[in-house]
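Only the coordinates and a few stated rules stand behind these numbers; no lab work does. The model shown is predicted, which means the values in this text are computed figures rather than measured ones. Cβ coordinates were reconstructed from backbone atoms using ideal geometry, including for glycine residues, and neighbour counts include every protein chain displayed.
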Amino acid sequence: MIDGITEFVRFRLEELEYEDVQNLATANPVLLYVETPYNILEIIDWIAQAQLILAVGPKKVVELRRMNVRTVFDLARIGDTNHFRRVVLKILIEPDTYSEKLDGMSDEEVQAAFVCMFTSIADDLHVIRLARVWNAFYAVYQKDRLIDVATRGLLTKPQPAAKWMEAPMALPQSVTAPPKAAE
């Protein structure tokens, strides 16, 4: 399902124990670059495709590809307009449960739903690591150094905390106290 991975590339990746989409989605792109003869940008693309497949499932990826959404970063970029946010949400949400509700939602509600959905995908540490690598390479190729091109700033916007996170947990004194200086 990943564009650019031929049978030979697949064989080579399997030798390094990257045997399925989940393994590739969680791979460190820099280590994979060091371990293989493949281009770092190609590896980043493969991992970003694997992360999207892992996040939404193969059937929904097929529908997203019809809209030229191949990677987890493409999903962020397509959310720039209300029209495409609605289209993507219709693909990603369970049709029996929310489809009718989506049609009656305002643009602000659709944007909030899209941001919530995308944040749940992009908050994964593997996606965050790949976004940092992506942004570092993007800065090299772009002189104006756009900030957070990969996720369009969705990860830097404050999100409302989940109910269980609202009340801060009391940390033991040993964790919050500064270390004592050696005497």
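Key figures
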item	result
Environment charge of PRO29, counting only residues whose C-beta is closer than 13 Å and scoring Lys/Arg +1, Asp/Glu -1	-1
Ranking of PHE118, PHE8 by count of other Cβ atoms within 10 Å, fewest first	PHE8, PHE118
Pair LEU31, ALA139: separation of 7 Å Cα→Cβ label points (nm)	2.3 nm
